[in-house]
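Working notes, beginning with the structure itself.
Each reported figure results from applying straightforward, stated rules to the coordinates on display, with no laboratory input. All figures in this text were calculated on a predicted structure; none of them were measured in a lab. Note that we place each Cβ from the backbone using ideal geometry, even for glycine, and neighbour counts take in every protein chain shown.
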Amino acid sequence: MSDLHCCYTDEDRPSCLGRRMAGLPMCQRHMLRTFRDALVEGVLPADVFADLIRQTDTLLGLGRIQRRNIDDEVMRDHLQRSEAMKREQVAAREERSVVYYVQLTRDRIKIGFTTDLTKRLASYRAHADDLLAVEVGGRVKEAERHQQFASLRIGRSEDFNAGPALLEHVARLAGQES
């Protein structure tokens with residue numbers, strides 16, 4: 001059985017040319033990757049995990065793979081997964097976010113974004129009447145609006161003077177909500 005190739009396949013490699021470990025359908029590298037993936041996904045049973053830790057040195061000593069190579073591959077995979085997860089989280093947050101316009105005072109409007117508008121309004125102690133308008137969007141849309149109304153910005157805050165351009169924009173958004 002050890003003369004057979006590993007059964008592991010993935011998108012960028014149709015097959016692994018590594019030799020199967022005795023009694024397993026995969027090579028050592030893919031066996032370790034499988035355990036790691038199971039651990040990351042939380043589906044590796046605790047007793048198997050404990051046994052794996054006890055036998056790690058033995059497992060790393062098998063075959064021709066050195067610990068450094070495995071560590072490098074694990075780190076690359078981890079970084080790729082982390083970056084992909086962050087992109088997915090940002091995209092999901094952007095889909096759930098809204099840009100809001102809240103009247104803080106008679107001539108001061110806050111432009112911000114949130115995924116929980118009720119909670120955000122409560123943090124300003126604002127009433128529903130103070131909410132002038134809402135539009136779909138997150139951090140990117142908020143930055144666009146801050147740039148659009150930069151001439152009305154009050155200092156470095158997210159507060160803006162209630163100038164005609166901003167009031168017209170808010171009125172257009174409020175009209176679309178009806």
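Quick notes
- Karplus (6.51, -1.76, 1.60) ³J(HN,Hα), θ = phi - 60°, over segment 86-102, in Hz, Gly and Pro reported as x: 4, 4, 5, 5, 5, 4, 5, 5, 4, 5, 8, 8, 9, 9, 10, 10, 10
- Computed E for LEU173/ARG76 - FRET, C-beta separation, R0 41 angstrom, nearest 0.05: 0.35
- The HN-Hα couplings worked out from phi for segment 147-153 by the Karplus form 6.51 cos²θ - 1.76 cosθ + 1.60 (θ = phi - 60°) are 5, 4, 10, 4, 5, 9, 5 Hz, whole numbers, x standing for Gly and Pro.
- MET26 long-range amide H proximity, modeled H, under 5 Å: CYS7, MET21
- Relative to the current alpha-carbon distance between GLU158 and LEU44, full extension at 0.36 nm per residue lengthens the span by 36.4 nm.
- Taking 0.36 nm per residue of separation and subtracting the Cα-Cα distance, full extension of the segment from VAL140 to LEU17 would add 39.8 nm.
- Restricting segment 121-178 to trypsin sites (Lys or Arg not before Pro) in coil, as DSSP defines it, with at most 12 other Cβ within 10 Å: ARG125, ARG156
- FRET efficiency, THR34 to LEU117 (Cβ-Cβ, R0 45 Å, nearest 0.05): 0.55
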